[in-house]
Amino acid sequence: MRNSRLVVVGASLAGLRAIEAARRSGYDGPITLIGNEPHLPYDRPPLSKAFLDSDEDENGAPVVPTFRDEATLRDEMNVDLRLGAPATALAPAGQVVLLDGDAVPYTQLIIATGGDARNLPGGESLEGVHVLRTLDDALAVRKALDAGARTVVIGAGFIGSEVASAARKRGLECTVLEALPVPLVRSVGPETGKVAAELHRKYGTDLRCGIGVKALEGSTRVEKVVLDDGTVIEADLVVVGIGVRPSTRWLESSGIALHERDGGILCDEFLRTSLPGVYAAGDVAHFPNPLFDGEMMRVEQWTNAAEQGALAAKNALFPDEAKPSQAVPYFWSDWYESRIQFVGIPQSEEVRVVSEELGEEKFLALYRRGDRLGGVLTIDRQNQIMKYKRMIAQRASWQDALEFAGITG
């Protein structure tokens, strides 16, 4: 494409997949990748999973889950890397992305800046209090766990629960605090969240639900977590896992349409934003998914970031051939010795627990939306989950799903 310049903001999975898709599609024009962190694009899910327990390299350092080395990106893929140089503003009239002391022009722009982890008031000022979103966060948490820290996790979501698993694997005391009645209410629904609670308790984690945090106390380092009911828990390490907010503050003066609730970028089904030539992908994007009757969603999942990054680049470079984003959401989470997997979306009119073999840590639940299968939750049924994912993609009926699960009548 003559006189075309592709700029990707966000050295993330979605950003990397956008670059790869552009080159695979035959685009040979200039590409610039702008990244907030100084690191090459790396895989985030292992940061709260395998990375906390992974082996060290020959220099005694944890092995970083980098996707591609610098030589591949710079020399083979001909990417202009601007790492450790966060975008500060977008000027659509001049079609430039502003950095500190620099301006990068674009003809097509992919925004893949992901999200920023939420912290508790006062948490940022105390040593020993961490969120877990970046490589540097993970290195700090791993170091504290290796030192035998008494661990408190705030939020029983995926990140927090995986940190709890790593702490218990080391034999450390760990308390998980969750404000809602059961873990994963927003991700899998209240009916099945109780199964996640049972996993925590089985492995000796002190799970406390329906409780809030009043304060974090300490001089320079965290020493205590004070709960709403006055209970005090001593802690050397506090990991805050209470969700993320889309990383879009740098866009506030651009005029781009943002979601009024969380500040995510509003897109159409082709991932186009309200600005010409500007697309968004991954955790930062709200989009209507045609597979679920155009329901607006923002999906914080690995597979969604990978698929949307590639799709956004193709749609931006070849708009006449644009395709909608209509993949089935999918996530997995490793807790203790089990793998939790979910496909589809949890909003449903009925949840049918098909199998509850918790003695063997096996579990299967189906979620009904109207007369269709809308979602599936499994624990330790890796050989089944992708079959259900295909069924959702094919708009399988509820009756077909029940029959596939072995339920008749």
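The values are calculated or read from the model by the stated rules, or taken from the named source; none is laboratory data. Everything numeric here is computed off the predicted structure, so don't read it as measured data. Glycine also receives a Cβ, built like all others from the backbone with ideal geometry; neighbour counts cover every protein chain displayed. We work out accessible area using only protein heavy atoms, side chains counted, and drop any ligands, DNA or RNA first. Shrake-Rupley method; radii C 1.70, N 1.55, O 1.52, S 1.80 Å.
Thr192 satisfies every condition listed in (1) open to solvent by less than 10 Å² (accessible area, probe 1.4 Å); (2) within 17 Å of Gly241 (Cβ to Cβ); (3) of a type outside the set (Lys, Arg) except (2).
Taking the stretch 66-106 as the range and being part of a loop (DSSP other than H, G, I, E, B) and among the aliphatic types (A, V, I, L, M) as the test, the residues that pass are Met77, Ala85, Ala87, Ala93. So in the stretch 391-409, with the set limited to residues that are touching a residue at least 40 places away in the same chain (Cβ under 8 Å) and of a type in the set (Val, Ile, Thr), which one is least open to solvent (accessible area, probe 1.4 Å)? It comes out as Ile392. Filter the stretch 145-172 down to the residues that are among the hydroxyl-bearing types (Ser, Thr, Tyr) and open to solvent by less than 10 Å² (accessible area, probe 1.4 Å) and list them by number. Of everything in the stretch 145-172, those that are among the hydroxyl-bearing types (Ser, Thr, Tyr) and open to solvent by less than 10 Å² (accessible area, probe 1.4 Å) turn out to be Thr151, Ser161. Considering only the stretch 230-241, I want to know if a residue exists there that is open to solvent by less than 70 Å² (accessible area, probe 1.4 Å), within 19 Å of the chain's Cα centre (by Cα) and within 30 Å of Asp100 (Cβ to Cβ). The answer is yes; a qualifying residue exists.
Among the residues of the stretch 242-274, those that are within 21 Å of the chain's Cα centre (by Cα) and small (Gly, Ala, Ser) comprise Gly243, Ser247, Gly263, Gly264.
Scanning the stretch 94-126 for residues that are modelled with pLDDT under 95 and open to solvent by 60 Å² or more (accessible area, probe 1.4 Å) yields a count of 8.
Among the numbered conditions (1) acidic (Asp, Glu); (2) touching a helix residue (DSSP H, G or I) at 6+ places or on another chain (Cβ under 9 Å); (3) open to solvent by 70 Å² or more (accessible area, probe 1.4 Å), the only one that Glu349 does not meet is (2).
How many residues are farther than 26 Å from Leu135 by Cα and surrounded by fewer than 24 Cβ atoms within 10 Å (Cβ to Cβ) when one looks only at the stretch 7-37? The qualifying residues number 8. Among the residues of the stretch 264-299, those that are at positive phi, surrounded by fewer than 24 Cβ atoms within 10 Å (Cβ to Cβ) and touching a Pro at 6+ places or on another chain (Cβ under 9 Å) comprise Gly277, Gly294.
The single condition among (1) open to solvent by less than 40 Å² (accessible area, probe 1.4 Å); (2) touching a helix residue (DSSP H, G or I) at 6+ places or on another chain (Cβ under 6 Å); (3) not in a helix (DSSP H, G or I) that Ala313 does not satisfy is (3).
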